[in-house]
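Undergrad: This is the structure, below, for whatever I ask next.
The values are calculated or read from the model by the stated rules, or taken from the named source; none is laboratory data. Fair warning: this is a prediction, and the values are worked out from it, not measured in the lab. Positions of Cβ are backbone-derived with ideal geometry, glycine not excepted, and every protein chain shown enters the neighbour counts.
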Amino acid sequence: MNISELKNSMDPKNVGREMYALITELYPICRSITGNGFRQTMEILRRYIPLQIHEVPSGTKVFDWEVPKEWNIKDAWVKNSKGEKIIDFQKSNLHVLNYSTPVKKTVSLKELKEHLFTLPDHPDWIPYKTSYYRENWGFCLSHQQFLTLGDGEYEVSIDSTLESGCLTYGELYLQGEEENEILISCHACHPSLANDNLSGVSLATFLAKQISSGSHRYAYRFLFIPGTIGAITWLAINEEKTAKIKHGLVLTGVGDSGKITYKKSRRGDSDIDRAATHVLKHSGEPHEIIDFHPYGYDERQYCSPGFNLPVGRLSRTPYGKYPEYHTSKDNLGLVHSEFLEDSFYKVLAILNVLENNRSYLNLNSKCEPQLGKRGLYSSIGANELALLWALNYSDGRHDLLGIAEKAEVGFNSVQEAAALLSKHNLLQEYRETDLI
Amino acid sequence: MNISELKNSMDPKNVGREMYALITELYPICRSITGNGFRQTMEILRRYIPLQIHEVPSGTKVFDWEVPKEWNIKDAWVKNSKGEKIIDFQKSNLHVLNYSTPVKKTVSLKELKEHLFTLPDHPDWIPYKTSYYRENWGFCLSHQQFLTLGDGEYEVSIDSTLESGCLTYGELYLQGEEENEILISCHACHPSLANDNLSGVSLATFLAKQISSGSHRYAYRFLFIPGTIGAITWLAINEEKTAKIKHGLVLTGVGDSGKITYKKSRRGDSDIDRAATHVLKHSGEPHEIIDFHPYGYDERQYCSPGFNLPVGRLSRTPYGKYPEYHTSKDNLGLVHSEFLEDSFYKVLAILNVLENNRSYLNLNSKCEPQLGKRGLYSSIGANELALLWALNYSDGRHDLLGIAEKAEVGFNSVQEAAALLSKHNLLQEYRETDLI
Amino acid sequence: MNISELKNSMDPKNVGREMYALITELYPICRSITGNGFRQTMEILRRYIPLQIHEVPSGTKVFDWEVPKEWNIKDAWVKNSKGEKIIDFQKSNLHVLNYSTPVKKTVSLKELKEHLFTLPDHPDWIPYKTSYYRENWGFCLSHQQFLTLGDGEYEVSIDSTLESGCLTYGELYLQGEEENEILISCHACHPSLANDNLSGVSLATFLAKQISSGSHRYAYRFLFIPGTIGAITWLAINEEKTAKIKHGLVLTGVGDSGKITYKKSRRGDSDIDRAATHVLKHSGEPHEIIDFHPYGYDERQYCSPGFNLPVGRLSRTPYGKYPEYHTSKDNLGLVHSEFLEDSFYKVLAILNVLENNRSYLNLNSKCEPQLGKRGLYSSIGANELALLWALNYSDGRHDLLGIAEKAEVGFNSVQEAAALLSKHNLLQEYRETDLI
């Protein structure tokens, strides 16, 4: 794959707009970590990429966990004593506590309040709440509305099922020139939340589409999974496949206006960490690189000490650092096609570095080769400097990315220099295994 | 030992006041590197802790040195021609050059002046001077008084003895759960100097008293020794015991109002260095961490290259950095119970880290364990974060202190997390020897 | 050798003046990478030092290169249609494109212009241009003059030869107490350029003269070579000798008023890098230390990955960072005896560190030795501190330079301390081979 060529061949305006359009289509669906909302989402993605859908039965042991019962919901509401629907799932799927058990009864205001969730600090917003692993029912509403609730009886109805079924996830494996893989993972289990969840889903979808359109060195594995339990389930079922994962990215929260943030893998100095750092540094745009910490998204599982995979995370504003996080305000107004597109190309640029990062040996390591007789000598300009850097440090201990870091230049110039020198038989690619 | 429990069970006001009271009692005694002043000091300490008293004969070879003759003094004075005592040992034992040979004669002002020591920059203060290894006699006085001395004859009398005898030191060994030791060392050879000497003696005494009142993981060895020659003597006699010393602190100058200063061991990254750095950093109070340098107090001997023990030094204002150092102004007004107490608790906190710092193995290292089913899951709060840090980094390469450093949180929260996880069989302590 | 003694025995004023005088004598000669100008230069240097002159035949293969034809020139000029010499080699040898092929013909202004080189940004200056590896002819002139050239015919004459001959270089090997060598290399191939070229030639000459006047630990090898091809030629012919090169310096651009700049060897932490950094840091004067990069002067060849010799470069303002670089303004007004002299002594100081940097073992490593009984104890002063540093860190893992770095003091004080301690049998020199 030559991702940079792919990039040049794409209409940048379209990618951002298409990503946004997909988010818009997915937004209304009531997803959860299991159930038909998740399945429906995967079916929509299959219009773009040939996802394989996996169904893992409830009760399946996955390391310390087990796959939970499947949750599905048709409707939910609360009616006041006048019979008026004052909370209505049809208006926003955030109104129901995700994974609520079925309920249909009349309750006092006092009992009702034990099942209501609000955000006093943002009285207009509806919170997003879940209760996956403790059976409960509940409703989420604005604090403003909560304050208007008068005494009296309320009729509550949650037409849900929580029964043995399956956990669903989507997977796309794209064969590469090598068996080694790059893992791209995103969670797709949140209902109407645009940035946290759908932005990553959309980016991963269009990325898969692009990559599948050309050849590429690495195999790529895309996972569209429910958060936490999905990563744990995949790792438990596919433990033997993890040895092939050489680089990985968790994608989420990539559509807001904040600066790009890369969270390093637990290893801290893996190639994905170096490549992402390099790309963001040389982007000339505001960005942040943060160290690994053991909370966040599914990098928590990929980077658990028993796996310790080289998987980082790319986001814009990190989760929990923007007030709209996990509320009704993480809506279609929070994400923008221009930021989605910017995130998309930064991911492509990172993959481009990984795809093209190789080590070379200088075949003429004693003194400089005579560049002039090969037509490679101009006067000292940026290109000749890159040639000299590539020659001097192609000593078996520096890959091209390491040389670019030493020279403090963009990866592409060193990559081009190495290609030119290889053509003139001054460099020869080598792999560590060559030395064994 | 659970030092933190000890700390909670103590009345903080009392410790500082008791430390100060002990200093007050010890202050008038004329101590030196040998002799009855040192013995009398040890006897007073034995009212608090069951010190073992060692007597090492003069002339004993201790590495490159030998134990000097024992010095004792009854009285010393200078009389002017009118027979008036103008310098009187009874008023301040600093008036006599420590280790002065006996003398009784009449001298001219000129000859007298060759044996007088003053501080021109602090004309009111009496300096503290010694002549341990070169036989001499002399008197110390204020520069102000020195300037008033008129011509004429003076009668000088030093009623001292410098004869074969012993070097005395006090030692207290407290058995621990392990054979490995923590060394606490202070010099106790200075006469009426409160901060340089007695503050460390007092802190070490009350520390020993506290530690002996409970169980503890490490054995503790407390040394109350004459500076330099005492440390050399102990090391020479006990060379085979040094292998058990895993951590150590030299305590001195811990009663003044300056900020706490920790001087690292020669190793620079030993556990005592890490623990002291951690405690001071998380104290939220001004402090300073300085690198090892080969001068100072008895850490010079413990950290000589042939031993290179992991022994640091805790002081407040470092020696030589306060003008009262080695003068009559290092008196009972320079030290305060509140600073003594603050130093005492900082030492306890450092020992608490060492006592509780262990390594664990995550027994569920593939993906996170399900905290919720064990009642360990709240919402993300400080405690749950500590659980996640402890789980993720209990990989055999990080001890609890290392995890606290990585998480940038106090040691206690990680320690508590590890205890909780151990109770739930998610972590298991391991020692490096387990891997051998 | 005791270079510091040498330094004291020299008249500092004279060295700078003599260096400048030599530059003045060499300045008018039209040097190139081969030919009689280079030979004449070597003959002048032989009045100062017993240089051995090597002649390497044209066509000799030297790694990827081959020794070029020899170039010699007698005269060159351009006449206008009135027969007036408007460009005259006799006025400045920079007027001719260095390595111009012979030419004698009448050309139009248009054709002439294809062979003219100017500096539009500095319209008064003549540029220095070469065409070593592509046969061409040309003239360099001020842009101001270039603008006055009218239409019409011009007679051009370059009375040069470019024929099979030799590449010449000068070499001086000074035997040392050890076989290990220090390499001092400078390029001597530039015509009338004072700072870039002659300043380094002059410094190296007087350095060789000084060093040859006394004994010294290392062997010294001085190379006066044409840039690039000279270093390549020497390395190709003498490959087996490079194993003895333990330290090296490329000297050039050492006469201007800019601050001293040291460019590290490719290794980055070799002794020459540490010594130069130490000397410049402790000089108390402005200076710059820069990392290795694979362009510049002959360090490019010495530090090519197949050799990776510990060779750094000492300059004042780095090449290309002063506007006069490679122009007629790099003349006798750009260099000054005081800066030449300052550079000279800084090089001597660096060599002094290398000559005297050794490792010692503390023969009394358990506790401190008793300095007092050996008369080494004063009160704590700078000297006693140096003794303590030298004792504490003479542990087989620190050389004297490393101890000086740790103690943050000048090398000399630690060196003197080690000498004193050795005299008292407290330290013993050792070499790494002693441990094998």
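Undergrad: Show the residue pairs meeting these rules: Cβ distance below 6 Å; 6+ apart or different chains; first residue within the range B:377-388 and facing chain A (nearest Cβ under 10 Å) and farther than 14 Å from B:Ala419 by Cα; second residue at pLDDT 80 or above and outside any helix (DSSP H, G or I).
TA: Within 6 Å, the pairs are B:Tyr377/B:Leu371.
Undergrad: Could you pull out every one of the helices (runs of 4 or more DSSP H) wholly within the range B:176-290 that has 1 or more residues that are touching a residue at least 12 places away in the same chain (Cβ under 8 Å) and within 14 Å of chain C (Cβ to nearest Cβ)? Steps first, answer last, please.
TA: Numbers: elements: B:200-212, B:229-237, B:271-282.
Qualifying helices (runs of 4 or more DSSP H): B:229-237.
Undergrad: In the range A:72-96, how many are over 29 Å from the mean Cα position of the chain (by Cα) and assigned to a helix (DSSP H, G or I)?
TA: Counting residues in the range A:72-96 that are over 29 Å from the mean Cα position of the chain (by Cα) and assigned to a helix (DSSP H, G or I) gives 0.
Undergrad: For the range C:382-404, give me each residue that is in contact with a Lys or Arg (Cβ under 8 Å, 6 or more places away or on another chain) and closer than 17 Å to C:Leu363 by Cα.
TA: C:Leu388, C:Trp389, C:Asn392, C:Tyr393, C:His398, C:Asp399, C:Leu400
Undergrad: Separate question: Under 6 Å between Cβ atoms, which residue pairs at least 6 apart in sequence (or on different chains) link something in the range B:405-426 that is farther than 17 Å from B:Asn362 by Cα with a partner that is surrounded by fewer than 17 Cβ atoms within 10 Å (Cβ to Cβ) and modelled with pLDDT of 95 or more?
TA: B:Gly410/B:His282
Undergrad: Under the condition of being among the acidic types (Asp, Glu) and farther than 18 Å from B:Phe339 by Cα, which residue from the range B:260-286 is nearest to the chain's Cα centre (by Cα)?
TA: Within the range B:260-286, the subset among the acidic types (Asp, Glu) is B:269, B:271, B:273, B:285.
Next, only the ones that are farther than 18 Å from B:Phe339 by Cα stay: B:269, B:271, B:273.
Details: B:Asp269: 20, B:Asp271: 18, B:Asp273: 15 Å.
Per the criteria, the residue is B:Asp273.
Undergrad: For A:Lys91, indicate whether it is touching a strand residue (DSSP E or B) at 6+ places or on another chain (Cβ under 8 Å) and more than 14 Å from chain B (Cβ to nearest Cβ).
TA: Working: touching a strand residue (DSSP E or B) at 6+ places or on another chain (Cβ under 8 Å): no; more than 14 Å from chain B (Cβ to nearest Cβ): yes.
So A:Lys91 does not fit the description; no.
Undergrad: Which condition from (1) part of a helix (DSSP H, G or I); (2) away from chain B (no Cβ under 14 Å); (3) not charged (D, E, K, R) is the one that A:Gln301 breaks?
TA: All conditions are met except number (2).
Undergrad: Continuing with the same structure: Determine whether C:Ile49 is among the β-branched types (Val, Ile, Thr), under 26 Å from C:Asn36 (Cβ atoms) and not in a strand (DSSP E or B).
TA: Numbers: among the β-branched types (Val, Ile, Thr): yes; under 26 Å from C:Asn36 (Cβ atoms): yes; not in a strand (DSSP E or B): yes.
For C:Ile49, the condition - among the β-branched types (Val, Ile, Thr), under 26 Å from C:Asn36 (Cβ atoms) and not in a strand (DSSP E or B) - is met.
Undergrad: Kindly provide the set of residues from the range B:402-420 that are over 32 Å from the mean Cα position of the chain (by Cα) and closer than 23 Å to B:Gly284 by Cβ, ordered by number.
TA: B:Ala417
Undergrad: Which residue out of A:Ser202, A:Ser257, A:Ser185, A:Ser160 is within 29 Å of A:Glu341 (Cβ to Cβ), over 16 Å from the mean Cα position of the chain (by Cα) and modelled with pLDDT of 95 or more?
TA: Details: A:Ser202 fails: over 16 Å from the mean Cα position of the chain (by Cα); A:Ser185 fails: over 16 Å from the mean Cα position of the chain (by Cα); A:Ser160 fails: within 29 Å of A:Glu341 (Cβ to Cβ).
After ruling out the rest, the residue left standing is A:Ser257.
Undergrad: Sticking with this structure for a sec: Is it the case that the range A:353-367 has a residue that's within 30 Å of C:Glu66 (Cα to Cα), hydrophobic (A, V, I, L, M, F, W, C) and touching a residue at least 60 places away in the same chain (Cβ under 8 Å)? It would help to see each step written out before you state the result.
TA: Initial filter on the range A:353-367 (within 30 Å of C:Glu66 (Cα to Cα)): A:359-367.
Those left that are additionally hydrophobic (A, V, I, L, M, F, W, C): A:361, A:363, A:367.
If we keep only those that are touching a residue at least 60 places away in the same chain (Cβ under 8 Å) as well, we get A:361, A:363.
Yes, some residue in the range A:353-367 is within 30 Å of C:Glu66 (Cα to Cα), hydrophobic (A, V, I, L, M, F, W, C) and touching a residue at least 60 places away in the same chain (Cβ under 8 Å).
Undergrad: Take B:Lys244 and decide whether it is farther than 30 Å from B:Ser337 by Cβ and either modelled with pLDDT of 95 or more or surrounded by 24 or more Cβ atoms within 10 Å (Cβ to Cβ) (or both). Please lay out each step first, then the result.
TA: Values: farther than 30 Å from B:Ser337 by Cβ: yes; either modelled with pLDDT of 95 or more or surrounded by 24 or more Cβ atoms within 10 Å (Cβ to Cβ) (or both): yes.
For B:Lys244, the condition - farther than 30 Å from B:Ser337 by Cβ and either modelled with pLDDT of 95 or more or surrounded by 24 or more Cβ atoms within 10 Å (Cβ to Cβ) (or both) - is met.
Undergrad: Of everything in the range A:360-376, what is among the hydrophobic types (A, V, I, L, M, F, W, C) and more than 7 Å from chain C (Cβ to nearest Cβ)? Give them in sequence order. Step through it out loud before you land on a result.
TA: Step one: list which residues in the range A:360-376 are among the hydrophobic types (A, V, I, L, M, F, W, C), which gives A:361, A:363, A:367, A:371, A:376.
Scanning the range A:360-376 gives A:Leu361, A:Leu363, A:Leu371, A:Leu376.
Undergrad: Let me ask another. State whether the residues of the range C:64-75 include one that is farther than 18 Å from C:Thr161 by Cβ and more than 14 Å from chain A (Cβ to nearest Cβ).
TA: Kept after step one, since they are farther than 18 Å from C:Thr161 by Cβ, are these residues of the range C:64-75: C:64-66.
Now narrow it down to the ones that are more than 14 Å from chain A (Cβ to nearest Cβ): none.
No, there is no match, as no residue in the range C:64-75 is farther than 18 Å from C:Thr161 by Cβ and more than 14 Å from chain A (Cβ to nearest Cβ).
Undergrad: Follow-up. State all residues of the range C:304-324 that are within 12 Å of chain A (Cβ to nearest Cβ), touching a residue at least 40 places away in the same chain (Cβ under 8 Å) and within 16 Å of C:Gly200 (Cβ to Cβ); if no residue qualifies, say none.
TA: C:Tyr319
Undergrad: Would you please name the residue that is nearest to the chain's Cα centre (by Cα), looking only at residues in the range B:131-148 that are away from chain C (no Cβ under 14 Å) and polar (S, T, N, Q)? Show your work before the answer.
TA: Quick first cut of the range B:131-148, residues away from chain C (no Cβ under 14 Å) only: B:137-148.
Pick out the ones that are also polar (S, T, N, Q) and you get B:142, B:144-145, B:148.
On the way: B:Ser142: 29, B:Gln144: 34, B:Gln145: 35, B:Thr148: 40 Å.
Looking at residues that are away from chain C (no Cβ under 14 Å) and polar (S, T, N, Q), I get B:Ser142.
Undergrad: Return the residue satisfying two criteria in turn: it lies in the range B:389-401 and is within 33 Å of the chain's Cα centre (by Cα) and touching a residue at least 12 places away in the same chain (Cβ under 8 Å), and of such residues it is farthest from the other protein chains (Cβ to nearest Cβ). Before the answer, list the steps.
TA: Just the residues of the range B:389-401 that are within 33 Å of the chain's Cα centre (by Cα), to begin with: B:397-401.
Going one step further and asking which of them are touching a residue at least 12 places away in the same chain (Cβ under 8 Å), we end up with B:398-401.
Working: B:His398: 10, B:Asp399: 14, B:Leu400: 15, B:Leu401: 17 Å.
Here the residue is B:Leu401.
Undergrad: Moving on. For the range A:308-325, which residues satisfy the criterion of being surrounded by fewer than 21 Cβ atoms within 10 Å (Cβ to Cβ), farther than 14 Å from A:Ser199 by Cα and touching a Phe, Trp or Tyr at 6+ places or on another chain (Cβ under 9 Å)?
TA: A:Asn308, A:Pro323, A:Glu324
Undergrad: Does B:Asp151 count as assigned to a strand (DSSP E or B), more than 24 Å from the chain's Cα centre (by Cα), away from chain C (no Cβ under 14 Å) and of a type outside the set (S, T, N, Q)? Don't jump to the end; show me each part of the working.
TA: Working: assigned to a strand (DSSP E or B): no; more than 24 Å from the chain's Cα centre (by Cα): yes; away from chain C (no Cβ under 14 Å): yes; of a type outside the set (S, T, N, Q): yes.
For B:Asp151, the condition - assigned to a strand (DSSP E or B), more than 24 Å from the chain's Cα centre (by Cα), away from chain C (no Cβ under 14 Å) and of a type outside the set (S, T, N, Q) - is not met.
Undergrad: Kindly indicate which of C:Lys105, C:Lys129 is basic (Lys, Arg) and surrounded by 17 or more Cβ atoms within 10 Å (Cβ to Cβ).
TA: On the way: C:Lys105 fails: surrounded by 17 or more Cβ atoms within 10 Å (Cβ to Cβ).
One residue alone meets the criteria, C:Lys129.
Undergrad: While we're on this one: State yes or no: is A:Gln145 in contact (Cβ under 8 Å) with a residue 24 or more places away in the chain, closer than 23 Å to A:Lys241 by Cβ and of a type in the set (S, T, N, Q)?
TA: Judged against the criteria, A:Gln145 is not a match.
Undergrad: Looking at the structure I just gave you, is B:Val15 in contact with a Phe, Trp or Tyr (Cβ under 7 Å, 6 or more places away or on another chain) and not in a helix (DSSP H, G or I)?
TA: Details: in contact with a Phe, Trp or Tyr (Cβ under 7 Å, 6 or more places away or on another chain): yes; not in a helix (DSSP H, G or I): no.
The answer is no for B:Val15.
Undergrad: Got at least one residue in the range B:148-155 being out of contact with any strand residue (DSSP E or B) (no Cβ under 7 Å at 6 or more places or on another chain), among the hydroxyl-bearing types (Ser, Thr, Tyr) and in contact (Cβ under 8 Å) with a residue 60 or more places away in the chain? Before the answer, list the steps.
TA: Within the range B:148-155, the subset out of contact with any strand residue (DSSP E or B) (no Cβ under 7 Å at 6 or more places or on another chain) is B:148-152.
Filter once more, keeping what is among the hydroxyl-bearing types (Ser, Thr, Tyr): B:148.
With in contact (Cβ under 8 Å) with a residue 60 or more places away in the chain added as a condition, the list becomes none.
Checking the range B:148-155: not a single residue is out of contact with any strand residue (DSSP E or B) (no Cβ under 7 Å at 6 or more places or on another chain), among the hydroxyl-bearing types (Ser, Thr, Tyr) and in contact (Cβ under 8 Å) with a residue 60 or more places away in the chain.
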